[in-house]
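A.B. asks: Dropping a structure here in structure tokens format, bear with me for questions.
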Amino acid sequence: MAKTINDLDLKEACIQAARDVIAERGVEGLSMRDVARRLAISHQAPYRHFTSRDHLLAEIMRRCFEDFAKFLHQNANAHVEDELLGMGEAYLAYAARMPLEYRLMFGTPWPEPAAHPELVKHAVYAFDVLRQQLLKRHGRKKGAKRQAELEALFIWSALHGLATIEHANVMQHLVLSTGVQAQSKDFMMKMIKKALTSRKSRTS
């Protein structure tokens with residue numbers, strides 16, 4: 001007879017089982033049937049909380065974006081001298097410490113966005129943490145929002161590139177000079193700051 005899980009715990013149990021499947025087999029290996037099998041429950045039980053596999057995946061991704069945004073916000077505020085620097089360091093730290101969550105957010109094809117507004121909401125909020133920090137620097141100048149968004153995409157792309165290269169273990173095969181890999185994060189942040197400062201000085 002199938003094992004009975006308290007309904008209040010079933011949702012969390014399904015999410016954890018799904019995360020385990022993804023960690024072992026990747027997103028492609030995730031199915032509602034496999035989640036139920038891992039929990040030794042009826043194949044229909046997970047559908048009490050999740051309409052489909054995509055709904056389950058969207059909830060996992062939503063939580064990842066929520067935690068990611070909190071991590072960025074907290075570390076930005078903790079970096080008294082330069083909140084943007086703190087946020088950049090936090091981005092790379094999160095990617096290194098939480099590789100599964102990072103891949104889910106930025107390496108997984110999204111379920112249909114229109115069907116998962118909460119996922120979209122939290123993903124946008126994660127971007128807003130960065131966008132708002134840049135808007136502070138521009139004040140109320142004409143075109144400030146557009147410029148802040150362009151800079152946010154520039155920073156995001158640069159950090160994501162470095163994080164992705166590190167995840168793939170590419171650097172160890174590049175025959176880099178001694179110390180280059182260790183200095184790459186600090187150098188990246190210095191170059192980002194230099195680019196933003198240079199642009200600001202040209203427009204002031």
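Just so you know, all these numbers are worked out from the coordinates, no wet-lab data involved. Computed from a prediction, not measured in an experiment: that's the story for all the values here.
A.B. asks: Any idea what angle helix 180-203 forms with the longest principal axis of the chain, computed on alpha-carbon atoms, 0 to 90 degrees, nearest 10?
C.D. replies: Value to nearest ten degrees: 60.
A.B. asks: Lysines near Lys70 by alpha-carbon distance under 20 Å, same-chain residues fewer than 8 away left out - which ones?
C.D. replies: Counting by Cα, and skipping residues close in sequence, Lys70 has these lysines nearby: Lys121, Lys136.
A.B. asks: Separate question: Specify the angular offset, from 0 to 90 degrees and rounded to the nearest 10, of the alpha carbon long axis of helix 144-167 from the longest principal axis of the alpha carbons in the chain.
C.D. replies: 60
A.B. asks: Would you kindly compute the Cα radius of gyration of segment 129-204 and its largest Cα-Cα separation (Dmax), both in Å?
C.D. replies: Taking only Cα atoms of segment 129-204, I get Rg and Dmax of 15.2, 47 Å.
A.B. asks: How tilted is helix 83-97 with respect to the longest principal axis of the chain? Cα atoms for both, answer in degrees (0 to 90, nearest 10).
C.D. replies: Orientation of helix 83-97: about 40 degrees from the principal axis.
A.B. asks: For segment 14-79, calculate the relative contact order in percent as a whole number, restricting contacts to Cα pairs under 8 Å that are 6 or more residues apart. Let's see the in-between values first.
C.D. replies: On the way: 37 pairs, mean separation 17.5, N = 66.
Computed value for segment 14-79: 27 percent relative contact order.
A.B. asks: Which entry in (1) 20.3, 73; (2) 15.7, 45; (3) 20.3, 76 matches Rg and Dmax of the Cα atoms in Å derived from the coordinates of this structure?
C.D. replies: Given (1) 20.3, 73; (2) 15.7, 45; (3) 20.3, 76, the structure-derived one carries the label (1).
A.B. asks: Summing -39500 (n - 2.57) over the DSSP H runs of n ≥ 4 in the chain and dividing by its residue number, what mean residue ellipticity at 222 nm do you reach, to the nearest 500 deg cm²/dmol?
C.D. replies: After summing the helix terms and dividing by residue count, I get -24500 deg cm²/dmol.
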